[in-house]
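Working notes for the structure below.
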Amino acid sequence: MADLQERKIKDAQMRATINQKLVETGERERLKELLRTRLVECGWRDQLKAHCKDIVQQKGLEHVTVDDLVAEITPKGRALVPDNVKKELLQRIRTFLSQQSNI
Amino acid sequence: MSVHGCQHLSAFKAAKGTDPFRIIYSYFIACPSADARRIKAKSCVCHTCRQPTLRLHACMYCIYFGCYGAKHIHEHAKSKKHNLAIDLTYGTVICFSCEDYVYDKDLEDIARSFSQKPSLNLVSEYLKDPFSSWEPSEDELQLLKKNPKRRKVDAKSTVGLRGLINLGNTCFMNCIVQALTHTPILRDFFLADRHTCQMPGESKQCLVCEMARLFQEFYSGICTPHIPYKLLHLVWTNARHLAGYEQQDAHEFLIAALDVLHRHCKGTNGMSCSNPHLCNCIIDQIFTGGLQSDVTCKQCNNVSTTIDPIWDISLDLGPGPPAFSSHSTPSPGGTGFTNSPGNYEPTSLLECLKRFTRPEHLGSSAKIKCGKCHCYQESTKQLTMKKLPVVACFHLKRFEHSTGYHKKISTFVSFPDELDMTPFMSSSRNDNNGFSNQIIQDMPTSLSCDNKYSLFAVVNHCGTIEVGHYTCYIRLHKDQWFKCDDHMITKATITEVLNSEGYLLFYHKQILEYE
Ligand SMILES: [Zn+2]
Ligand SMILES: [Zn+2]
Ligand SMILES: [Zn+2]
Ligand SMILES: [Zn+2]
Ligand SMILES: [Zn+2]
Ligand SMILES: [Zn+2]
């Protein structure tokens with residue numbers, strides 16, 4: 001039990017450190033832009049946009065909040081991200097981390 | 001959802017102006033400097049649970065960051081009656097009284113002013129053109145109002161398919177037009193209306209403008225076959241050797257068309273476009289690759305390297321030397337080149353490429369002056385790809401024109417729908433003995449998709465060298481294939497495509513790099 005607790009704390013610390021590195025170096029913004037570009041290229045953005053439009057049209061603009069939209073499209077959005085996009089992002093993050101000496 | 005702010009935001013702006021927004025935006029969202037990023041990295045955690053969460057919000061009234069997921073920002077808004085907060089990821093404002101995000105023109109303009117300062121924009125170091133969604137200009141809004149009809153393109157729509165009338169043996173042109181109009185990145189260029197004519201006053205003579213019109217024709221939704229006489233006329237006047245109503249070679253037409261297009265683009269970097277290394281016209285951006293040639297002196301092992309721009313890769317068919325020099329030991333259980341030297345015939349695109357990039361011994365009759373020994377020596381020459389083009393066009397040399405005879409090679413050459421060019425890159429070349437790893441199947445498939453290509457068009461020639469006919473397979477969307485036979489377009493399967501007697505194979509890169 002103590003081990004598990006300890007590991008959880010360690011993981012959280014590691015996550016915080018990595019996040020800090022990503023923000024500090026600007027890598028996070030670059031990754032975000034790369035992801036955005038890939039999702040536009042593969043049609044993901046258009047698909048989700050069309051889906052959002054359908055929802056808004058169905059319910060009427062006045063009766064939809066951003067939270068509603070997010071809740072409804074998130075599962076679909078996650079499922080539609082192509083595997084090779086995920087792989088590329090993962091690869092970039094790995095490369096980035098391997099270049100950081102002090103993690 | 002409100003597109004025009006809300007009374008709470010209006011009241012806030014009236015009392016405190018837009019400075020609180022501007023300050024938070026510049027320090028925690030735009031982050032122009034390394035210092036700002038360091039501060040952001042340290043301070044962007046929820047003040048309640050101390051987690052660096054994805055949807056962190058900053059209160060607009062006081063210094064408080066709270067997470068959205070665990071509703072800490074909601075709690076803060078309620079207990080302190082601070083009803084406005086900024087999403088630190090996107091810079092949008094949420095009003096907790098209205099319980100939704102609100103959009104405000106003034107604040108959006110401020111946000112835009114940050115992202116438009118290129119020197120401050122981190123992303124632009126990496127991407128020339130960071131993505132921004134399209135916002136119609138006044139003119140475009142007028143046009144949209146005047147033309148209320150909309151067409152929705154989904155996975156099933158066949159917009160973009162259009163037959164082409166044969167103007168008397170012009171199937172060689174029709175198949176190239178089909179391949180070009182279905183080249184994804186070329187289509188994006190033309191449908192986005194990106195050509196600025198460089199031939200003012202005579203844009204009727206501009207082949208690029210004609211291509212733009214052609215794309216309009218193809219994507220207009222009209223299904224009746226199009227008559228490409230204007231295009232034919234323009235190519236004839238600009239590439240005289242193709243004029244006349246005889247059957248021409250589709251490959252020759254492709255290269256001529258690319259050349260005329262490139263000349264009419266005239267580049268925009270102010271460089272002379274006689275040097276395709278420097279040309280940045282859309283044709284060169286898409287089709288130009290770099291072919292590296294390494295000549296090694298047999299005497300002193302000195303290597304002299306040159307790199308030439310190419311628009312296509314022409315591959316030899318028919319009997320020839322094996323893909324690798326005879327002294328290289330074949331790896332056990334390798335795919336093997338069982339054909340005896342001199343009698344080896346490639347039967348796949350990969351084998352053609354292996355032969356194309358093999359080190360070739362230039363015999364005693366072809367001595368080259370070595371830059372180091374300063375005299376004529378025997379040498380070895382090897383070609384590799386230094387730079388891969390966005391669209392790779394492979395030309396299988398099925399037509400042999402030698403003195404005295406003309407012959408067509410109809411051997412079946414298989415080709416994949418996904419191609420990895422990594423083994424043929426200059427970077428895979430080993431300095432002394434050609435490739436370090438000679439059997440492609442044994443090579444670890446590269447983790448990244450950087451050198452991977454997808455097939456999107458195949459030009460076929462059927463018949464003999466005297467009487468023949470060109471047709472073309474093209475890909476629509478991600479996986480739907482169609483056969484274009486002049487004015488006739490029929491559905492096809494990928495199996496049919498891969499079993500066809502390919503003459504020109506068009507592949508596009510799966511992933512585009514941004515410089
Ligand atoms: Zn929290
Ligand atoms: Zn507050
Ligand atoms: Zn409100
Ligand atoms: Zn023009
Ligand atoms: Zn050019
Ligand atoms: Zn030498």
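The values are calculated or read from the model by the stated rules, or taken from the named source; none is laboratory data. Remember, predicted model here, so these are calculated numbers, not experimental data. Here the Cβ positions follow ideal geometry from the backbone for every residue, glycine too, while neighbour counts run over all protein chains shown. For the accessible areas, the whole protein counts, side chains as well, though only heavy atoms, and no ligand, DNA or RNA atoms are used. Shrake-Rupley method; radii C 1.70, N 1.55, O 1.52, S 1.80 Å.
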Query raised in the report: Among the residues of the stretch B:17-24, is any within 23 Å of A:R28 (Cα to Cα), touching a Cys at 6+ places or on another chain (Cβ under 6 Å) and surrounded by 21 or more Cβ atoms within 10 Å (Cβ to Cβ)?
Result: no
Report task. With respect to B:A77, determine if the residue is away from ligand 6 (no atom under 16 Å from the Cβ) and closer than 13 Å to B:I29 by Cα. Result -> no
Report task. State whether the residues of the stretch B:212-225 include one that is among the aliphatic types (A, V, I, L, M) and over 24 Å from B:H508 (Cβ atoms). Result -> yes
Report task. Tell me which residues, restricted to the stretch B:50-72, are open to solvent by 50 Å² or more (accessible area, probe 1.4 Å) and either within 16 Å of ligand 4 (Cβ to nearest atom) or within 20 Å of B:A15 (Cα to Cα) (or both). Result -> B:Y61, B:I63
Requested in this report: Kindly provide the set of residues from the stretch B:350-403 that are within 16 Å of ligand 5 (Cβ to nearest atom) and of a type in the set (D, E, K, R), ordered by number.
Outcome: B:K387
Query - Given (1) away from ligand 1 (no atom under 16 Å from the Cβ); (2) under 25 Å from A:V64 (Cβ atoms); (3) open to solvent by 30 Å² or more (accessible area, probe 1.4 Å); (4) in a helix (DSSP H, G or I), index of the condition B:E75 fails - result: (1)
Report summary line: The one condition B:R213 fails out of (1) open to solvent by less than 70 Å² (accessible area, probe 1.4 Å); (2) closer than 25 Å to B:Q285 by Cα; (3) not small (G, A, S) is (1)
Query raised in the report: When residues of the stretch B:37-49 are filtered for being more than 10 Å from every other protein chain (Cβ to nearest Cβ) and open to solvent by less than 20 Å² (accessible area, probe 1.4 Å), how many remain?
Result: 1
Query raised in the report: In the stretch B:81-97, is there at least one residue being assigned to a helix (DSSP H, G or I) and either within 16 Å of ligand 6 (Cβ to nearest atom) or touching a Ser or Thr at 6+ places or on another chain (Cβ under 6 Å) (or both)?
Result: no
**Report entry** Scope the stretch B:478-515; condition open to solvent by less than 70 Å² (accessible area, probe 1.4 Å) and within 13 Å of chain A (Cβ to nearest Cβ); matching residues
**Finding:** B:H508, B:K509, B:Q510, B:I511, B:L512
Query raised in the report: Quick check: is even one residue across the stretch B:79-86 facing chain A (nearest Cβ under 10 Å) and on the phi < 0 side of the Ramachandran plot?
Result: no
Report summary line: Residue count, the stretch B:285-322, condition open to solvent by less than 20 Å² (accessible area, probe 1.4 Å) and of a type in the set (K, R), comes to 0
Query - Enumeration of residues in the stretch B:387-424 that are in a loop (DSSP other than H, G, I, E, B), farther than 14 Å from B:D316 by Cα and among the aromatic types (F, W, Y) - result: B:F415
Query raised in the report: Which one is nearest to B:L291 (Cα to Cα) among residues in the stretch B:383-400 that are touching a Lys or Arg at 6+ places or on another chain (Cβ under 7 Å) and open to solvent by less than 10 Å² (accessible area, probe 1.4 Å)?
Result: B:T384
Report task. Return the total of residues in the stretch B:91-111 being more than 10 Å from chain A (Cβ to nearest Cβ), without any contact (Cβ under 8 Å) to a residue 12 or more places away in the chain and of a type outside the set (D, E, K, R). Result -> 0
Query raised in the report: Taking the stretch A:50-67 as the search range and keeping residues that are within 9 Å of chain B (Cβ to nearest Cβ) and of a type in the set (D, E, K, R), which one is surrounded by the most Cβ atoms within 10 Å (Cβ to Cβ)?
Result: A:D67
Query - Positions within the stretch B:355-375 being surrounded by 18 or more Cβ atoms within 10 Å (Cβ to Cβ) and more than 35 Å from the chain's Cα centre (by Cα), in sequence order - result: B:C370
Query raised in the report: Identify, please: which residue in the stretch B:66-76 is within 14 Å of chain A (Cβ to nearest Cβ) and in contact with a strand residue (DSSP E or B) (Cβ under 9 Å, 6 or more places away or on another chain) and is, among those, nearest to ligand 2 (Cβ to nearest atom)?
Result: B:I73
Report summary line: Of the residues in the stretch B:140-158, those that are farther than 18 Å from B:A179 by Cβ, open to solvent by less than 100 Å² (accessible area, probe 1.4 Å) and modelled with pLDDT under 85 number 4
Query raised in the report: In this structure, does B:T471 turn out to be open to solvent by 40 Å² or more (accessible area, probe 1.4 Å), away from chain A (no Cβ under 14 Å) and under 25 Å from the mean Cα position of the chain (by Cα)?
Result: no
